[in-house]
Amino acid sequence: MGLYYFDYSYFLFMLPALLITMYAQFQVNSTFQKYSRVNTYRNMTGADAAMRVMQYGGAQGVQIRHIGGNLTDNFNPSTGIISLSDPVYAATSISAVGVAAHEAGHAVQHAQGYFPNKIRAALVPVTRLGSNLAMPLILIGLILPVQYDFVVNIGIGLYSLCVLFQLVTLPVEFNASARALQALDATGILYPEELEGAKKVLRAAAMTYVAATFTALMSLLRLLLIFGNRRNDH
């Protein structure tokens with residue numbers, strides 16, 4: 001029976017998303033590696049650059065720490081800590097400075113009360129709930145008789161919150177990069193030709209968020225299609 005079943009919806013919606021995700025990941029890795037081999041003229045480390053960007057943007061009381069891993073850099077607003085990974089924290093490359101400045105851009109957003117960032121933070125608890133419960137509820141609802149379709153509706157509703165979170169994340173990430181590049185230029189941390197390299201690194205990183213959002217949207221459309229076909233069959 002399985003030999004005759006072919007889920008066209010998966011290839012229609014998820015294959016393009018998979019290809020875009022793979023391309024985005026390739027771009028961010030290759031671009032980061034390329035500019036990791038180019039040191040800045042000022043020889044400033046990623047940690048130092050992040051501190052300068054925060055000083056420029058008025059973010060105070062934020063700590064910078066070193067963490068392991070590759071491209072695991074992040075800013076945690078609840079603890080006020082920027083974590084910079086092995087290739088960023090003490091490195092003096094264009095990639096290191098660009099990525100560190102981006103995380104500092106998030107700290108500046110938090111300090112200045114950037115509104116989309118507040119929306120994103122408010123969505124975090126419900127997004128965690130949705131990511132844990134959405135798919136189990138949808139699967140259970142599809143197994144149950146059609147009169148229990150409300151279970152699927154709840155699951156799709158929760159998954160929609162995850163999609164909303166991804167959509168809100170896009171302007172937050174783009175704005176953090178814009179703040180970073182402005183600060184790197186205004187403070188003279190990077191020379192104009194170096195700034196172009198940092199732009200390429202951050203643009204490639206932004207593509208991963210675009211790919212994640214596209215994947216979430218395609219997954220939601222696929223769920224709606226499957227649920228719609230189920231209703232039509234009954």
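The values are calculated or read from the model by the stated rules, or taken from the named source; none is laboratory data. Please read all numbers here as calculations on a predicted model, not as lab measurements. Quick reminder, even Gly has a Cβ in these numbers, built from the backbone with ideal geometry, and neighbours come from all protein chains shown. Please note that ligands, DNA and RNA were not included when accessible areas were found on the heavy atoms of the full protein model with its side chains. Shrake-Rupley method; radii C 1.70, N 1.55, O 1.52, S 1.80 Å.
A 1.4 Å probe over all protein chains sorts ARG52, ARG37, ARG203 by accessible area into ARG37, ARG203, ARG52, starting with the largest.
Heavy-atom surface analysis with a 1.4 Å probe gives the chain a carbon and sulfur content of 62 percent of its accessible area. The solvent-accessible area of PHE32, taken with every protein chain present and a 1.4 Å probe, is close to 10 Å².
The equivalent ellipsoid of the range 91-223 has semi-axes of 39, 15, 9 Å, largest first, where each one is the square root of 5 times an eigenvalue of the Cα gyration tensor. Once you keep just the Cα pairs under 8 angstrom separated by 6 or more residues, what percentage relative contact order results for the range 130-234? Taking the mean separation of contacting Cα pairs over the length of the range 130-234, I get 29 percent. A Förster distance of 45 Å, applied to the separation of the beta-carbon atoms of VAL124 and TYR41, puts the FRET efficiency at 0.70. Dipole magnitude for the range 42-122: computed about the Cα centre from +1 point charges on Lys and Arg Cβ and -1 point charges on Asp and Glu Cβ, it is near 200 debye. What's the angle, to the nearest 10 degrees (0 to 90), between helix 46-57's Cα axis and the longest principal axis of the chain? Taking Cα atoms only, the helix is inclined about 90 degrees.
Across the chain, the mean sequence separation of Cα contacts (distance under 8 Å, 6 or more residues apart), normalised by length, yields a relative contact order of 26 percent. In this structure the chain gives 54 Å² per residue of accessible area when probed at 1.4 Å with all protein chains present. Charge dipole of the chain (Cα centre as origin; +1 on each Lys and Arg Cβ, -1 on each Asp and Glu Cβ, all else neutral): 140 debye, rounded to the nearest 20.
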